[in-house]
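Working notes for the structure below.
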There are 2 protein chains.
Amino acid sequence: MSDEIRSFSGVDRLLHEPSRTIIVAILYAVESADFLYLQREAGLTKGNLSAHLSKLEKAKYVEIEKTYKGKIPLTLCHLTDKGRKAFEDYREQIKSFIDNV
Amino acid sequence: MSDEIRSFSGVDRLLHEPSRTIIVAILYAVESADFLYLQREAGLTKGNLSAHLSKLEKAKYVEIEKTYKGKIPLTLCHLTDKGRKAFEDYREQIKSFIDNV
DNA sequence: TTACATGGTTTGTATTGCAAACCTGTTTTC
DNA sequence: GAAAACAGGTTTGCAATACAAACCATGTAA
């Protein structure tokens, strides 16, 4: 078996969870998104999105900024450099796996 | 966001677990493998491999045949048509995701 | 007989993904 | 101006998971 395939076991588990893959893919494209936009686009419940964002934040993959739009809260999220790189690496690894099966 | 990306949330969870992805990738290539060969190739503990194989068997993705090589047990595994197709679909979905980010 | 491989399976545990319930404030309704 | 409804999230409860360690049944060696 090729190393590309075996190395797949070391894939970034944080990004390998589909909900989070989607969240990060969105953030990768738009640079900044608010909570509700992310929720709609990713098709997640609030609780779910909140939990996933917390994990991504804890890993320093995303930065979360809590502000206000007038008087209502507004949570803005954007990918950090670390998160951006992790996502690029993840894609490379997946791609390499697929190409080597 | 493109549908390819959103549809990623519906990815086959059984195959999306790296250990199982590797197991199935091996079986996809060799048609038939025994337990210990799989263990070495996939780099898993016996317990782990046993558990993953059980899940794949329950989903009818693999067939497990317990025979003997002389007097010692020999467990042979091979992909079913269903498993083969599921793996092909999985790869397509992943590929489509990557290409559309 | 006792020890030690071989080929696995079962058990224990910590982590997870998810939805439902909850919370804090704001706006509307009466 | 109190009560109800809503917006924007967070916390809680639970079932399912991945993993390794312990276990088991059989066969071989000392």
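With a ≥ b ≥ c taken as the square roots of the eigenvalues of the C-alpha gyration tensor of region A:3-96, please select rounded if a/c is under 1.5 and otherwise prolate if a/b is larger than b/c or oblate if it is not?
It comes out prolate by the Cα gyration axes.
Between the label point of B:LYS46 and that of the same position in each other copy, find the distances and list them shortest first in nm, with every label point placed 7 Å from Cα along the Cα-to-C-beta direction.
5.1
Can you return the lysines within cross-link range of B:LYS46? Criterion is Cα-Cα under 21 Å, with same-chain partners fewer than 8 residues away left out.
B:LYS55, B:LYS58, B:LYS60, B:LYS66, B:LYS69, B:LYS71
How about A:LYS82: which aspartates and glutamates have a C-alpha closer than 19 Å to its C-alpha, ignoring those fewer than 8 places off in the same chain?
A:ASP12, A:GLU17, A:GLU31, A:GLU57, A:GLU63, A:GLU65, A:GLU92
Work through the residues other than B:LYS66 whose Cβ is under 12 Å from its Cβ and net out their charges, Lys, Arg +1 and Asp, Glu -1.
Numbers: positive: B:LYS69; negative: B:ASP34, B:GLU57, B:GLU63, B:GLU65.
Around B:LYS66, the surrounding residues sum to -3.
Please report which chain A residue places its beta carbon nearest the axis carrying chain A onto chain B, with the distance rounded to a whole angstrom.
Axis relating chain A to chain B; nearest Cβ residue and distance: A:ILE94, 3.
Roughly speaking, what is the centre-to-centre gap between region B:30-101 and region A:8-32 when only Cα atoms are used, to the nearest Å?
Between the Cα centres of region B:30-101 and region A:8-32 lies a distance of 26 Å.
Within 10 Å of each Cβ of A:10-23, how many other protein chain Cβ atoms are there on average? Present the calculation step by step, with values, prior to reporting the outcome.
Numbers: counts 2, 2, 0, 2, 0, 0, 4, 3, 8, 2, 0, 7, 7, 0.
The mean count of partner-chain Cβ atoms within 10 Å per residue comes to 3.
Once you charge only the Cβ atoms, +1 for Lys and Arg and -1 for Asp and Glu, what is the size of the charge dipole of the protein assembly as shown about its Cα centre, to the nearest 20 debye? Intermediate results must be reported in sequence, preceding the final value.
Numbers: 32 positive and 30 negative charges, 167 e Å.
In debye, rounded to 20, the protein assembly as shown gives about 800.
Provide a whole-number value for the mean count of partner chain Cβ atoms within 10 Å of the Cβ atoms in peptide A:93-99. Don't skip to the end; give the middle numbers.
Working: counts 0, 5, 4, 0, 6, 7, 1.
So the per-residue partner count for this stretch is 3.
Taking the label point as lying 7 angstrom from Cα along the Cα-to-Cβ axis, what are the distances from A:LYS82 to the corresponding position in the remaining copies, in ascending order and in nanometres?
In nanometres, ordered from closest: 4.3.
If I take R0 = 30 Å and measure r between the Cβ atoms of A:SER32 and B:LYS85 in this structure, what FRET efficiency does the formula 1/(1 + (r/R0)^6) give, to the nearest 0.05?
0.15
Using DSSP to call loops (not H, G, I, E or B), can you name the trypsin sites (Lys or Arg not before Pro) in region A:18-47 whose Cβ has at most 12 other Cβ atoms within 10 angstrom?
Details: sites: A:ARG20, A:ARG40, A:LYS46; in loops: none.
Sites meeting the loop and neighbour criteria: none at all.
A short reminder: the numbers here are calculations on the coordinates, not readings from a lab. This is a predicted model, so every value here is computed, not measured. Please note: Cβ atoms are built from the backbone with ideal geometry, for glycine as well, and neighbour counts cover all protein chains shown.
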